[in-house]
Amino acid sequence: MSLLATQDLTIRFGGHVAVNGVTCAFQPGTLTAIVGPNGAGKTTYFNLISGQLKASAGTVTLDGRDLSGLSASERTRAGLGRAFQLTNLFPRLTVLENVRLAVQAARGGAHRRGFNLWSIWSDHEGLTLRAHEILEAVAMAAKQEEVVANLPHGDQRKLEVALLMALQPEVFMFDEPTAGMNAAEAPVILDLIRNLKADKSKTILLVEHKMDVVRELADRIIVLHNGTLVADGDPATVIASPIVQEAYLGLAPQDASAQHETPPHPGLPPRGGRSEQP
Ligand SMILES: Nc1ncnc2c1ncn2[C@@H]1O[C@H](COP(=O)(O)OP(=O)(O)OP(=O)(O)O)[C@@H](O)[C@H]1O
Ligand SMILES: [Mg+2]
């Protein structure tokens with residue numbers, strides 16, 4: 001059971017404050033949706049939590065332990081799970097080999113029971129079984145022998161989630177996990193997040209533009225706006241708040257590709273928008 005908290009978390013890029021003094025705690029057993037317009041600082045906030053970016057000020061703590069000085073990989077070991085970027089994978093290995101390596105990494109030294117063939121063989125068998133289970137869960141078992149570099153985009157995103165599952169973190173961070181997926185792929189990932197939610201020891205953070213998904217999955221919503229936390233509460237209250245009403249419901253749907261160039265309204269989230277990963 002791990003309580004994740006940020007205190008006055010801030011990052012400046014030159015003169016621009018992308019995340020501005022965000023203080024927030026995330027309880028185990030809850031899924032918090034993070035919403036806000038393109039450029040609000042959601043991905044940057046994730047990058048500060050996971051250690052991909054170093055904060056200009058403020059702290060990130062897990063169960064009271066200050067992680068601020070730790071690298072991204074040290075934070076992963078501490079229990080923070082951020083969906084892998086595919087650049088972190090072994091593109092020439094197969095899907096199964098990648099997931100098996102992630103399972104092995106997550107088990108760390110625990111499986112090293114000395115150098116004998118029996119333990120190596122039984123480890124391999126156990127790791128493969130677990131990797132199979134995970135690939136079943138993301139509906140990718142049929143593609144386990146494919147080389148990662150050859151996967152279509154939707155499968156690559158599913159694989160990112162599979163690797164996150166393999167790590168078994170305390171805190172799961174999903175940044176628009178279904179962005180770019182087709183209608184058949186997205187429900188698989190949403191089901192998986194639903195299943196994770198059933199495990200009441202896990203803390204889940206979900207950046208998501210699709211309000212129907214947020215409404216269904218979130219126990220709580222926080223809204224970022226120009227890097228600042230402007231709303232925080234139960235979904236019904238936050239969705240009914242003027243800022244979200246105006247942002248998501250008061251505007252005509254826009255072409256997603258145009259949203260980055262021309263925000264629909266200064267500082268307000270577009271409807272059903274999407275964005276690149278960091
Ligand atoms: N490495 C960087 N260097 C300079 N500016 C950055 C960097 N990363 C992010 N920014 C800026 O910080 C702001 C927040 O960006 P961020 O990607 O966190 O927004 P977001 O809320 O995730 O948006 P979206 O919904 O489009 O994904 C933007 O103005 C962005 O241009
Ligand atoms: Mg983003």
Within the under-14-Å Cβ sphere about residue 151, not counting residue 151, Lys/Arg +1 and Asp/Glu -1 give a net charge of -2
Give me the distance in nm between label points sitting 7 Å out from Cα along the Cα-to-Cβ direction at residue 57 and residue 146, one decimal.
4.8
For the table 158/210; 42/200; 54/200, the rows whose alpha-carbon distance is greater than 28 Å are 54/200
Listed by chain and number, the residues whose amide H is under 5 Å from that of residue 68, excluding neighbours fewer than 5 places away on the same chain and using placed H, are 60
In order through the range 62-67: 3J(HN,Hα) via Karplus (6.51 cos²θ - 1.76 cosθ + 1.60), integer Hz, x for Gly, Pro:
10, 6, x, 7, 6, 9
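Rule-based calculations on the coordinates, nothing more; no lab input. This structure is a prediction, so every number in the text was calculated from the model and none was measured. All Cβ positions, even for glycine, are placed from backbone atoms using ideal geometry, and neighbour counts span all protein chains on display.
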